[in-house]
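Structure record follows, encoded as structure tokens.
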Amino acid sequence: MFLLCLPGCMGKDGEIYGQEEVLEYVDYICSEPYELVGKELIQEEPDNMEYTFRTTDRDLTFRANSYLSPIWIDATQTSFYRPELSCDYVSVVCDLYREEVREVLRADEGYLEEYGWIYLLSFQDIDRVVETVLAADQVYRQELAYNSLEFLAEHSLTSIHLVWQRSPEEAEEHSTWVNLADVGITGQHDRQELYDRLANAYAQLCVDGKIANAEGVPAEYLEGKHVSLLPEIWLNGAEMRYDSEENPYGPYGLTTDDYKYCWYSAERESYMMVLDIGLISDRMSFPLINREYVQALGGTYHAEAEGDVYTSTWIIGADTWTLRAEYDDNEIRSLEAEKNGQPLELPYITVEDDFHVSATFCVGVTVEDFGRLFGLDGEVKEGEGRVEWKSTE
């Protein structure tokens, strides 16, 4: 196997970072006064130099290492190395509070110590959980004598996973649960903000039908919420399966079933759907979601590529749509749409805006805009978990 050594890589006898670089690195991590009390070469070829430090105000010992780290390619270790630095200051600081925080968590009747989770049985349990988190926060706040709030926020002491369970027995069995939220112990939670966050998350899961016990949820937390995800999409009375595998643009079969859903965006106050940009390649298989709709509607679809510009055109009845995208470095540079030769305004979001878009070569558009691209009228049926499309003609 031929290996090209990239800049900065070396053999196992290469040089590691020196003391000056190590001290600069430790200064970046540790803001309290400290002193270097020793250093030792604990490994040779590849070298690993360990530096020992002690903070002067509270006599806290921590270590930093300058070492050569092996370079891996496709899960195989190569003969090349690169110099790296590490420091355990943050871990040593957090260790000071871990046991005291565990005692706080153990006092919560819903705490599952084996997993580090807390379960709720009802909306009323949110009060209990908030008190637990705030008590754990108070433990970690002691660190403010030596570090800033920003340090605590960046280096959460621990993260508590919150779930809903139907009963204590099911919680102990730990085979079923509904994920609610993850809360980090940062020493700075605001009681009302934390309560509202958990209350809104609980209410949303009730609206989504995932939490069966909606008793006692105040109307203010349920108001204005929509079902998060609609898993069914229907077109002219038939469910869209997103299962076409035929690919005329390459030797690999298409797969689009990862995009078979409609989701609600609170930011855009609309249900959204995924649209592909017409990316094609003779070496890879990309989803052509638009093509499946065109075929289902009895139309014709054509895609072509010229450099970084991808153009897809489809005809349904007497109408012709064109979608032109510039895509480079896993990023959509531009996206333009036309209908019958006239520009068509098409606001869109990318996967960086919303993870539901799922891929860099897709965009998210509102249900209304999705329908305009295929001559469709849509009806969202939240109670049935579906969106239904019908041809306008």
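What do you get for the angle between helix 125-140 and the principal long axis of the chain? Use alpha-carbon atoms, 0 to 90 degrees, nearest ten.
40 degrees
List, in order, the whole-Hz ³J(HN,Hα) value for each residue of segment 68-85 obtained from phi through the Karplus relation with A = 6.51, B = -1.76, C = 1.60 and θ = phi - 60°; use x for Gly and Pro.
9, 10, x, 9, 10, 10, 6, 6, 10, 6, 8, 8, 9, 9, 9, x, 9, 10
May I ask for the angle, rounded to the nearest 10°, between helix 191-207 and the longest principal axis of the chain, with both axes built from Cα atoms and the value confined to 0 to 90°?
40 degrees
7 Å from Cα along Cα→Cβ at both E338 and Q295: what's the point-to-point distance in nm?
2.6 nm
Excluding L60 itself, calculate the net charge of residues whose Cβ lies under 15 Å from the Cβ of L60, where each Lys or Arg counts +1 and each Asp or Glu counts -1.
-3
Enumerate the amide H contacts of K225 below 5 Å, restricted to partners 5 or more residues apart or on another chain; note that Pro and chain-start residues carry no placed amide H.
none
How big is the Rg/Rh ratio for segment 333-372, C-alpha atoms only, Rh by Kirkwood, two decimals?
1.00
Hey, which lysines would be in cross-link range of K225, C-alpha to C-alpha under 27 Å, not counting anything within fewer than 8 residues on its own chain?
K210, K260, K381, K390
Tell me which residues come under 5 Å, amide H to amide H, from T158 once H is placed; ignore anything under 5 positions away on its chain.
I185
Nearest 5 percent is fine: what portion of the DSSP beta bridges confined to the chain is antiparallel?
About 90 percent, rounded to the nearest 5.
V37 to R166: extension gain in nm, 0.36 nm per residue of separation minus the Cα-Cα distance?
41.0 nm
Per q in 0.19, 0.24, 0.25 1/Å, what log10 I(q)/I(0) does a Debye calculation on the alpha-carbon atoms of segment 1-87 return?
-0.83, -1.11, -1.17
Using a probe of 1.4 angstrom, how much of the accessible area of the chain is carbon and sulfur, in percent?
After summing per-atom areas, the C and S share lands at 46 percent.
How far is helix 89-106 tilted off the main Cα axis of the chain, in degrees rounded to 10, range 0 to 90?
The angle comes out at about 80 degrees.
What is the diffusion coefficient of segment 126-180 in µm²/s, taking the Kirkwood radius over Cα pairs and the Stokes-Einstein relation at 4 °C with a viscosity of 1.567 mPa s?
In µm²/s, the coefficient is 97.
Run the numbers on segment 100-243 and let me know its relative contact order in percent, using alpha-carbon pairs under 8 Å that are six or more apart.
Relative contact order comes out at 23 percent.
Work out from phi, with θ = phi - 60° and the Karplus expression 6.51 cos²θ - 1.76 cosθ + 1.60, the ³J(HN,Hα) of each residue of segment 328-344, listed in order in whole Hz, and give x for Gly and Pro.
Working through the residues one at a time gives 8, 6, 6, 9, 7, 7, 7, 8, 10, 10, 9, 10, 6, x, 9, x, 10 Hz.
Would you mind computing the Rg to Rh ratio of segment 288-393 from its alpha-carbon coordinates, Kirkwood style for Rh?
0.96
Any idea what % of Cα-Cα pairs in the chain are farther than 35 Å?
Here the tail beyond 35 Å accounts for 53 percent of pairs.
Work out how much length S156 to L121 would gain on full extension: take 0.36 nm times their residue separation and subtract the Cα-Cα distance, in nm to one decimal.
Additional length available on full extension: 10.0 nm.
Binned at 5 Å from 0, what are the whole-percent values of the Cα-Cα distance distribution for segment 156-283, short to long?
2, 8, 12, 14, 14, 14, 12, 9, 7, 5, 3, 0
Rounded to whole Å, give me the distance from the Cα center of segment 357-377 to that of segment 245-271.
9 Å
Determine, from the Cβ-Cβ distance of D95 and S281 and an R0 of 51 Å, the FRET efficiency 1/(1 + (r/R0)^6), rounded to the nearest 0.05.
Rounded to the nearest 0.05, the efficiency is 0.55.
With every protein chain left in place, what is the accessible area per residue of the chain in square angstrom, probe 1.4 Å?
Normalised by residue count, the accessible surface of the chain is 53 Å².
Per-residue ellipticity at 222 nm for the chain, helices alone: DSSP H runs ≥ 4 residues times -39500 (n - 2.57), over residue total, nearest 500 deg cm²/dmol?
Theoretical 222 nm ellipticity from helices: -7000 deg cm²/dmol.
Binning every alpha carbon pair distance of segment 138-209 at 5 Å from zero, what are the percents per bin?
Reading upward from the zero bin: 3, 14, 19, 19, 16, 13, 9, 5, 2, 0.
Can you check what the Kirkwood hydrodynamic radius comes to for segment 218-325, Cα pairs only, in Å to one decimal?
15.7 Å
Report the gain in length on full extension from W72 to E345: 0.36 nm times residue separation, minus Cα-Cα distance, nm rounded to one decimal.
Separation in residues times 0.36 nm, less the Cα-Cα distance, equals 93.6 nm.
What is the Å³ per residue value for the convex hull set by the Cα atoms of segment 34-127?
So the per-residue hull volume is 179 Å³.
Rounded to the nearest whole Å³, what is the per residue volume of the convex hull around the Cα atoms of segment 91-233?
Given the Cα convex hull of segment 91-233, per-residue volume reads 133 Å³.
For Cα pairs less than 8 Å apart in space and 6+ apart in sequence, what is the mean separation divided by the residue count of segment 315-379, i.e. the relative contact order in percent?
Computed over segment 315-379, the figure is 23 percent.
Using amide H atoms built in the peptide plane, which far-off residues or other-chain residues are under 5 Å from M240 H to H?
Hits under the 5 Å cutoff: I233, W234, L235.
For segment 238-291, divide the Cα radius of gyration by the Kirkwood radius and give the resulting Rg/Rh value with two decimals.
Taking Rg over the Kirkwood Rh, I get 1.06.
With a 10 Å radius around each residue's Cβ, average the other Cβ atoms per peptide and rank 270-277, 89-96, 37-44, highest first.
Listed from highest to lowest mean packing, they are 270-277, 89-96, 37-44.
How high is the relative contact order of the chain, given as a whole-number percent (alpha carbon pairs under 8 Å, six or more residues apart)?
Here the relative contact order equals 9 percent.
The values are calculated or read from the model by the stated rules, or taken from the named source; none is laboratory data. A quick note: this is a predicted structure, and the numbers were derived from the prediction, not measured. All Cβ positions, even for glycine, are placed from backbone atoms using ideal geometry, and neighbour counts span all protein chains on display. Ligands, DNA and RNA are stripped out before the accessible areas are found, and what is left, the full protein with its side chains, is counted by its heavy atoms. Shrake-Rupley method; radii C 1.70, N 1.55, O 1.52, S 1.80 Å.
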